[in-house]
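> Right, I'll just put the structure down here and ask away after.
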Amino acid sequence: MLTIRFDHVTTHQGMVMIAIYDEAGWSGGRPVRVATASAAGDAVEASLTGLAPGRYGIKVFQDVDGDGKMSANPFGIPIEPFGFSRDAMGAGGPPAWADAAFEMRAAGSVQTITLR
């Protein structure tokens, strides 16, 4: 089981939209799995079963306004909280695969993502 915990949830409304990728999909391909977690509670987390062992990366954003997409300002800078596995950050975009990838073991894995 993969457990994803979210830190720094300052607005407890909407859903956290979760996309899990393998290396082939990280830079614009399709996620291998998608999920959501309610941001309403004090402890925000998601647990996913059935994910095969391997290397994955996670991209998330908190859909505060409920429109199903990440809102951005006119310059394309996100205005809704977002984050990546291993708390990786990119320069002007998503982080590199090597910075965000983590190992999903058969016994399970826990990722804590800080929403920024």
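> Hey, could you check the range 32-49 for residues that are modelled with pLDDT of 95 or more and touching a Lys or Arg at 6+ places or on another chain (Cβ under 8 Å) and say which is surrounded by the most Cβ atoms within 10 Å (Cβ to Cβ)?
Applying the filter and picking the extreme gives VAL44.
> Could you check, for the range 95-102, whether at least one of its residues is open to solvent by less than 20 Å² (accessible area, probe 1.4 Å) and part of a strand (DSSP E or B)? Give the steps one after another, and end with the answer.
As a first pass, look at the range 95-102 and keep what is open to solvent by less than 20 Å² (accessible area, probe 1.4 Å): 95, 100-102.
Pick out the ones that are also part of a strand (DSSP E or B) and you get 102.
Yes, that holds for at least one residue.
> In addition: If ALA40 satisfies all but one of (1) of a type in the set (A, V, I, L, M); (2) over 19 Å from PRO95 (Cα atoms); (3) in contact (Cβ under 8 Å) with a residue 60 or more places away in the chain, what's the number of the condition it fails?
Here ALA40 clears every test but (3).
> Now, a different point. Does GLY92 satisfy the condition of being under 13 Å from LEU2 (Cα atoms), surrounded by fewer than 18 Cβ atoms within 10 Å (Cβ to Cβ) and not acidic (Asp, Glu)?
In short, no.
> Quick one: is LEU2 in contact (Cβ under 8 Å) with a residue 60 or more places away in the chain and closer than 23 Å to ALA96 by Cβ?
On the way: in contact (Cβ under 8 Å) with a residue 60 or more places away in the chain: yes; closer than 23 Å to ALA96 by Cβ: yes.
Here the answer is yes, as LEU2 does meet what is asked.
> In the range 75-88, how many are in a loop (DSSP other than H, G, I, E, B) and at pLDDT 95 or above?
First, the residues of the range 75-88 that are in a loop (DSSP other than H, G, I, E, B): 75-77, 79-81, 88.
Narrowing further to those that are at pLDDT 95 or above: 79-81, 88.
Residues in the range 75-88 being in a loop (DSSP other than H, G, I, E, B) and at pLDDT 95 or above: 4 in total.
> Which one of these does THR114 not meet: (1) open to solvent by 80 Å² or more (accessible area, probe 1.4 Å); (2) in contact (Cβ under 8 Å) with a residue 40 or more places away in the chain?
For THR114, the failing item is (1).
> Among the numbered criteria (1) in a loop (DSSP other than H, G, I, E, B); (2) at pLDDT 95 or above, which single criterion is violated by GLY28?
All conditions pass for GLY28, except number (2).
> Would you tally the residues in the range 19-31 being in contact with a Leu (Cβ under 9 Å, 6 or more places away or on another chain) and open to solvent by 90 Å² or more (accessible area, probe 1.4 Å)? I'd like the intermediate steps shown before the answer.
Initial filter on the range 19-31 (in contact with a Leu (Cβ under 9 Å, 6 or more places away or on another chain)): 20.
Of the ones still in play, those that are also open to solvent by 90 Å² or more (accessible area, probe 1.4 Å) are none.
Of the residues in that region, 0 qualify.
> Do the conditions hold for ASP67, that is, is it of a type outside the set (Gly, Ala, Ser), more than 23 Å from ALA107 (Cβ to Cβ), at pLDDT below 95 and open to solvent by 60 Å² or more (accessible area, probe 1.4 Å)? Give the derivation first.
Working: of a type outside the set (Gly, Ala, Ser): yes; more than 23 Å from ALA107 (Cβ to Cβ): yes; at pLDDT below 95: no; open to solvent by 60 Å² or more (accessible area, probe 1.4 Å): yes.
It is false that ASP67 is of a type outside the set (Gly, Ala, Ser), more than 23 Å from ALA107 (Cβ to Cβ), at pLDDT below 95 and open to solvent by 60 Å² or more (accessible area, probe 1.4 Å).
The values are calculated or read from the model by the stated rules, or taken from the named source; none is laboratory data. Computed from a predicted model, the values in this text were never measured in an experiment. Ideal geometry is used to build each Cβ from the backbone, glycine not excepted, and the neighbour counts take in all protein chains shown. Please note that ligands, DNA and RNA were not included when accessible areas were found on the heavy atoms of the full protein model with its side chains. Shrake-Rupley method; radii C 1.70, N 1.55, O 1.52, S 1.80 Å.
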